[in-house]
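First the structure, in the form of C-alpha cells, and then the observations on it.
The values are calculated or read from the model by the stated rules, or taken from the named source; none is laboratory data. Note that this is a predicted model, so its numbers are computed, not measured. With ideal geometry, Cβ positions are generated from the backbone for all residues, glycine too; neighbour counts draw on all protein chains shown.
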Amino acid sequence: MKLPLPELPQFDYIRAETTERAIDLLQEKGVTARILMGGTDLFVQMRNGNSAPDILVDLKKLPSMDTIVFSKKDGLTVGAAVTMNALARNPDVLKHYPLLAQAAESVASYQLRNRATIGGNLCNASPAADTAPAALVLEADLTTLGPNGERTIPIKDFFKGPGVNALEEGEFLTKINFRNQPKGWKGRYLKIGRNAGGDLAIVGAAVMGHPDTDVPSGFHFRIALASVAPTPIRVHEAEEILAQNSLTDAVIEMAADAAQDAATPIDDVRASARYRKAMVKELTRRGLIEVSSLLKKEA
Ligand SMILES: Cc1cc2nc3c(=O)[nH]c(=O)nc-3n(C[C@H](O)[C@H](O)[C@H](O)COP(=O)(O)OP(=O)(O)OC[C@H]3O[C@@H](n4cnc5c(N)ncnc54)[C@H](O)[C@@H]3O)c2cc1C
C-alpha cells in the first residue's frame, strides 16, 4: 500500500521588498518566522514536520540578492539568492572561480538547481552542503544584516553544528564575498553521491592549491570536506604536510591519510561511516593529484 505523503502545514507568506522591511518583519515575527529562498530545504523540513513556521519571509527580491559581481580589487561577490544554475554558468565564476562553479553544478538536478540558492545552501548548515567546502577553501566572507546592522562572518566561523549557523535572531545573509585568490591557483571539487543526478554528498572534497615560495614544498594547499563531520570542515593537518614536504606520491598519500583521520563521519541512509572514511582518502588523493599536476604544468 502506498502511504500518502504528509502535506505542507498552513503558513502565511510575505515578500519583503526592502531591507528595512525585512529587518522589521523578522524582528516582529521572531521565532514564528522563517526565511524563504528556493525552499528546497525548508519545504522538505516543513513537510516532514521538522519545522512549522507561521510565516515565511521571502527575501529573494531584496536589492542585489540575485547579482554576481566580479572586480579585480574585491574578487567575486555573490548575492545570497543566486541560484546554483546561475552560479555554475556565470562567465566570471567559470573564469576566475571554476571550483565554485563545479560545486554549484554538483548540487542535485538541473531543475532543483534552478530553485536552490547558495544562501540557502550555506544557511541550512547541512554537513553535506556542496558549496560549503568550496567556500571554506576560498576563505569566503559572509555579509549579514540584522537589527544591529551589517556584519561580516568569515566562513570558518559560520558552521556551528548540523543545521546550526552563526546567524543571530533576526539576522540574514545578504551576500558572500570570494576574495581574490593567490596567483596561479587551481582547484577541484569532487563528490560521491548515491546517484549521478540529484543526491546529497556521501563525501564531498574541495582541494585548492597555489604556488607559494614561503613554504618548503613551494605550494600551499587548502582542503575542505563535506558530509564527514557535524559541520563541513577544513583539514589543516593535511595542508601542513603538503606545505612542508616536496609534492611526491608518498606525500600526497600522507596528506590523504591525514584527511581521513580528520573525518568523523556517521552511518546514515546514504552510507556507512567506514565507507565515508575510505572515500575521504580517495577523493582527497584524487583532488590533490589533479590540482598538483595542474600546478606543476604551469610552474
Ligand atoms: C531532491 C533534493 C536534492 C538535493 N541535493 C542536494 C545536493 O546534491 N547538494 C546540496 O548541497 N544540497 C542538496 N539539496 C538541499 C538543497 O537543495 C540545498 O541546500 C539548497 O541550496 C538550499 O537552498 P534554498 O534556496 O532552496 O534554501 P531554502 O530551503 O529556502 O532555505 C534553507 C534554510 O536556510 C535559511 N535561509 C535561506 N536563506 C537565508 C538567508 N539569506 N539568511 C538566513 N537564512 C536563510 C532558511 O530559513 C532555511 O532554514 C537537495 C534537496 C533536495 C530536495
Worksheet item: If Arg113 passes every condition in (1) surrounded by fewer than 23 Cβ atoms within 10 Å (Cβ to Cβ); (2) within 23 Å of Tyr189 (Cβ to Cβ); (3) not aliphatic (A, V, I, L, M) but one, which one does it miss?
Response: (1)
Worksheet item: Can you pull out the residues in segment 161-198 that are in contact with a helix residue (DSSP H, G or I) (Cβ under 9 Å, 6 or more places away or on another chain), basic (Lys, Arg) and over 11 Å from Leu142 (Cβ atoms)?
Response: Lys186, Arg188, Lys191
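Answer with yes or no whether Lys296 is among the basic types (Lys, Arg) and farther than 28 Å from Phe158 by Cβ.
For Lys296, the condition - among the basic types (Lys, Arg) and farther than 28 Å from Phe158 by Cβ - is met.
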Worksheet item: Looking only at segment 211-269, which residues are of a type in the set (Val, Ile, Thr) and under 26 Å from the mean Cα position of the chain (by Cα)?
Response: Ile223, Val228, Thr231, Ile233, Val235, Ile241, Ile252, Thr264, Ile266, Val269
Practice prompt. Can you tell me which residue within segment 112-137, out of those that are more than 20 Å from Asp58 (Cα to Cα) and part of a helix (DSSP H, G or I), is farthest from the ligand (Cβ to nearest atom)?
Written response: Val137
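In segment 229-240, is there at least one residue being of a type outside the set (Gly, Ala, Ser), farther than 18 Å from Glu282 by Cα and surrounded by fewer than 16 Cβ atoms within 10 Å (Cβ to Cβ)? Walk me through it before giving the result.
Step one: filter segment 229-240 for residues of a type outside the set (Gly, Ala, Ser), giving 230-237, 239-240.
In the following step, the residues that additionally are farther than 18 Å from Glu282 by Cα were identified as 230-231, 240.
The next check asks that each one be surrounded by fewer than 16 Cβ atoms within 10 Å (Cβ to Cβ); those that pass are 240.
Checked segment 229-240: at least one residue is of a type outside the set (Gly, Ala, Ser), farther than 18 Å from Glu282 by Cα and surrounded by fewer than 16 Cβ atoms within 10 Å (Cβ to Cβ).
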Discussion item. Just to verify a result, which residue in segment 1-44, among those that are basic (Lys, Arg) and either in contact with a Lys or Arg (Cβ under 9 Å, 6 or more places away or on another chain) or part of a loop (DSSP other than H, G, I, E, B) (or both), is modelled with the lowest pLDDT?
Written reply: Lys2
Discussion item. Looking only at segment 99-111, filter to residues that are more than 10 Å from the ligand (Cβ to nearest atom) and touching a strand residue (DSSP E or B) at 6+ places or on another chain (Cβ under 7 Å); which one of those is nearest to Lys175 (Cα to Cα)?
Written reply: Leu100
Response to the item:
Scanning segment 98-122 residue by residue, the ones that are in contact (Cβ under 8 Å) with a residue 60 or more places away in the chain, closer than 23 Å to Val269 by Cα and among the hydrophobic types (A, V, I, L, M, F, W, C) total 4
Item to complete: Could you please let me know if Phe159 is modelled with pLDDT of 95 or more, under 25 Å from Val280 (Cβ atoms) and more than 15 Å from the ligand (Cβ to nearest atom)?
Response: no
Worksheet item: Lys60 is checked against (1) away from the ligand (no atom under 12 Å from the Cβ); (2) among the charged types (D, E, K, R); (3) farther than 25 Å from Ala224 by Cα and fails just one. What number does that condition carry?
Response: (1)
Worksheet item: So is Val228 more than 23 Å from Cys123 (Cβ to Cβ), among the β-branched types (Val, Ile, Thr) and either touching a Lys or Arg at 6+ places or on another chain (Cβ under 7 Å) or assigned to a helix (DSSP H, G or I) (or both) or not?
Response: no
Worksheet item: Taking segment 49-94, which residues are without any contact (Cβ under 8 Å) to a residue 60 or more places away in the chain, crowded, with 19+ Cβ neighbours inside 10 Å, assigned to a loop (DSSP other than H, G, I, E, B) and not β-branched (Val, Ile, Thr)?
Response: Pro53, Lys60, Ala81, Asn90
Fill in: In segment 8-52, residue farthest from the ligand (Cβ to nearest atom) [restricted to those that are more than 18 Å from Leu173 (Cβ to Cβ) and touching a Pro at 6+ places or on another chain (Cβ under 8 Å)]
Gly49
Worksheet item: Do we have any residue at all in segment 234-251 that's in a strand (DSSP E or B), closer than 25 Å to Asn180 by Cα and touching a helix residue (DSSP H, G or I) at 6+ places or on another chain (Cβ under 6 Å)?
Response: yes
Worksheet item: Can you name the residue in segment 190-220 that is more than 16 Å from the ligand (Cβ to nearest atom) and assigned to a strand (DSSP E or B) and is also nearest to Ala299 (Cα to Cα) among such residues?
Response: Pro211
